[in-house]
Amino acid sequence: MAEKTNQKPKNSAKKPAAKKPAAEKGKNPFKSNKSNKTNKKQNRAQKNTELAKQETAKAPQKRNYYKGGGQKRGKQNRAKQNKPPIKISFLGGLNEVGKNMILYECGNDMLLVDCGLAFPDPEMFGVDLVIPDFTYVEENADKIRGILITHGHEDHIGGLAFLLKTVNIPVYSTRLTIGLIEGKLREHKILSKCKLNVIKPGDHVKLGCFDAEFIHVNHSIPDAVGIALHTPAGVVVQTGDFKIDTTPIDGGVIDLARLSELGNEGVLALLSDSTNAVKPGFTESERKVGETFEVQFRRAGHHRLIVATFASNIHRVQQIIDVAEKLGRKVALSGRSLENVVSIATELGYIRVPEGILVGIDSVNSYPDEKMVIITTGSQGEPMSALYRMAFSEHRRIEIGQNDYVIISATPIPGNEKMVGRVVDELLKLGAEVVYEKMYDVHVSGHACQEELKLMMSLVKPQYFLPVHGEQKHLQKHAMLARTMGIPEENILIADNGKEVEITEQKIRISRDVPAGMVFVDGIGVGDVGAVVLRDRKRLAEDGIIIIAATIERESGDVISGPDVVTRGFVYVRESEQLMAESKRLCESVMADCMFEHIRDVATIRNRLRDEISRLTYNRTKRNPMVLPIIMEV
């Protein structure tokens, strides 16, 4: 037993010693491949052990995310969830051109951006203007901290006077825009009651929880701005109407640097102008029109020049005046809106008018044709405009003839193409030579084309994108551009008028419907013309009216006078005597039957007359005129 016990230690002592003789046998240990491999294995094993220890140390932190190292991140996520949403209600400007109006809400504060109008469609018989429905604004007037106006075009300021008659909310915009607004408020006799505030690009205005920052942009009118709303929910950028013009007339290039800064700081949502989203490339500079004007003015030679443009396109008016001065021509203005805008812009220093170049429209005929330029309204073929009245020989002071050279310096707004074409045709019939946008470069747009829209998105880098200001085809195309720029499909939303969009850092969605629609302005009446009245006007325009007048004795029901049948816009009476006689006999028969049946109710008699005459006229003419029975009792 003792010997066996002694042998084990000897054997165990010999085994480690057996590994060392390599050096003793004269072998170089540094040349031993076996030894190097063993060292590499030991190093790899040691590294693996250290990595395993590190992973083991991290494991408890991953399993307890909201404890220890994960606590800070958890607080950040909870802070994001606690941010209030921003709500955007679209009250006008979507799926249409005009009537722009957007209401922002965050917490207990609201902010309105723009308040424009639209011009009536041909089917809106007798309507002068179309403005947004102000119901939702009036309901929340005590929460609205201000109205921000992006620029001075009618589709952005035209409805403001009607709104400020019902609510007292301060207005903020640039100097020229405020000047144009003052003129409108003065016409409505409410200027003294309104709070107008002039701001400059770069200014910040604190309105409740909103910090509104104004950013200079280029457009077809000076002093246009985009707006960045800094809110507890995040930053929302609304571009307003814009284009990127590197050689603008007024020298102020769009502030791309500030837009880029906002993009780097983080923008929650971008609302961008979609008017030219279907047009590829870049929009031409306004300076190109000035070059074309000089070519066309020289080409006109001894002809009298008549240039039609938008009244609010101050840059265009300035270029016409500049070329006229260069070529020794006088300038006259025709159109009340044009005269007002030029007067305000000149007073504020936005138009330079050389002394003695402007003459009154009454003295136009006192100058030779080769020395006269007439700037006029009516580039959209509006029936009451100065150019329209010239074309149809209704203008009291200007008569179009063969020595007139007419330039229409505008693109027809969608829907106005036929009216513009009609005016062009009438001008040509009178012998004038007519140049319009498709023939030469006499007009450039004030709105960004596709490449500019993509550049805006790449600078602002919004999390969410909402195309605005355009018809459905424009909005859809703009959304497609956003997808090509890498904005996820689920972060793009095309809204509609009457929809409220709710935005948080987690999602964007349409949350509910809000009151929105069209209110018609007819003369001094606002909102008294509705769908029923328009339907009647349409029917009168299409089929005319038949009036039946009769007088009956209240007690007995006897017919004292009539029935007489009168028509307007239905048939020419002299050529339809047989039909009119038949209508009169039918009315007499209906009233006789009512007397026989002892019917004394005037409403019943009217209904019977209306039904029988409508049936007769449709059977004879296949027309459906309005039938208006007037029954008087004595």
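Given H placed on each backbone N at 1.01 Å, which residues far from L94 in sequence or on other chains put an amide H within less than 5 Å of it?
Under 5 Å from the amide H of L94 lie the amide H atoms of N497, each far enough along the sequence or on another chain.
Each residue of segment 528-535 in order: what ³J(HN,Hα) in whole Hz does its phi give by Karplus 6.51 cos²θ - 1.76 cosθ + 1.60, θ = phi - 60°, with x for Gly and Pro?
7, 9, x, 4, 5, 5, 5, 4
Take the solvent-accessible surface of the protein heavy atoms, probe 1.4 Å, and return the percent of it on segment 537-618 that carbon and sulfur atoms account for.
Working: 2380 of 4880 Å².
That share works out to 49 percent.
T174: net charge of surrounding residues, Cβ under 10 Å, Lys/Arg +1, Asp/Glu -1, itself excluded? Please list the in-between numbers first.
On the way: positive: R175, K200; negative: D203, D223.
Taking every Cβ under 10 Å from that of T174, the sum is 0.
Over all alpha-carbon pairs in segment 116-255, figure out the percentage whose distance exceeds 24 Å.
Numbers: 3416 of 9730 pairs.
Of all Cα-Cα distances in segment 116-255, 35 percent exceed 24 Å.
Exceeding 32 Å between C-alpha atoms, which entries from my cross-link table qualify? They are K83/K499; K195/K454; K99/K330. Write out the running numbers ahead of the final one.
Working: K83/K499 22 Å; K195/K454 37 Å; K99/K330 36 Å.
Table pairs above 32 Å Cα-Cα are K195/K454; K99/K330.
Place the peptides 496-505, 369-378 in order of packing, highest mean first, counting for every residue the other Cβ atoms within 10 Å and averaging per peptide. Before the final figure, lay out each step's value.
Values: 496-505: 18.3, 369-378: 22.4.
Packing order, densest peptide first, comes out as 369-378, 496-505.
From the C-alpha coordinates alone, can you work out the Kirkwood hydrodynamic radius of segment 478-604, in Å?
Numbers: mean 1/r = 0.0477 Å⁻¹.
Taking the inverse mean of 1/r over all distinct Cα pairs, segment 478-604 comes out at 21.0 Å.
Take every Cα-Cα distance within segment 305-371, group them into 10 Å bins from 0 onward, and report for each bin the whole-number percent of pairs it holds.
Distribution as computed: 19, 60, 20, 0 percent.
For segment 242-307, what are the per-bin percents of Cα-Cα distances with bins 5 Å wide, up to the bin holding the maximum?
3, 12, 15, 15, 17, 13, 9, 6, 4, 3, 2, 1
Using the Cα atoms of the chain to build a convex hull, what is its mean projected area in square nanometres? Working shown, then result.
Numbers: hull surface 233.1 nm².
Quarter of the Cα hull surface area: 58.3 nm².
How large is the dipole of segment 294-406 about the Cα centre if only Lys and Arg carry +1 and Asp and Glu carry -1, each at its Cβ, rounded to the nearest 20 debye? Please list the in-between numbers first.
Numbers: 13 positive and 13 negative charges, 30 e Å.
Approximately 140 debye in magnitude.
I want the local charge near T551. Using Cβ-Cβ distances under 13 Å, sum +1 for each Lys or Arg and -1 for each Asp or Glu among the other residues. Before the final figure, lay out the partial values.
Numbers: positive: R554; negative: E553, D558, D564, E633.
Neighbour charge sum, excluding T551 itself: -3.
With each run of n ≥ 4 DSSP H residues scored as -39500 (n - 2.57), what mean residue ellipticity at 222 nm is computed for the chain after dividing by its residue count and rounding to the nearest 500 deg cm²/dmol?
Value at 222 nm, helices only, nearest 500: -11500 deg cm²/dmol.
Could you order the peptides 243-252, 619-628 from most to least packed, using the average number of other C-beta atoms within 10 Å per residue? Mind showing how you got there, number by number?
Values: 243-252: 16.9, 619-628: 14.6.
Ranked by mean Cβ neighbours within 10 Å, highest first: 243-252, 619-628.
Tally Lys and Arg at +1 and Asp and Glu at -1 over the other residues with C-beta under 12 Å from the C-beta of L534: what net charge comes out? Don't skip to the answer; put the middle values down first.
Working: positive: R535, R537, K538, R539; negative: D121, E123, D522, D528, D536.
That works out to -1.
Quick one: of the DSSP bridges fully inside the chain, what percent are antiparallel, nearest 5? The partial results should precede the final answer.
Values: 50 of 97 bridges.
Restricted to the chain, the bridges split so that about 50 percent are antiparallel.
The values are calculated or read from the model by the stated rules, or taken from the named source; none is laboratory data. As the structure is a prediction and not an experimental result, all values here were calculated from the model. Note: ideal-geometry Cβ built from the backbone for every residue, glycine included; neighbour counts use all protein chains shown. Only protein heavy atoms, including side chains, enter the accessible area calculation; ligands, DNA and RNA are left aside. Shrake-Rupley method; radii C 1.70, N 1.55, O 1.52, S 1.80 Å.
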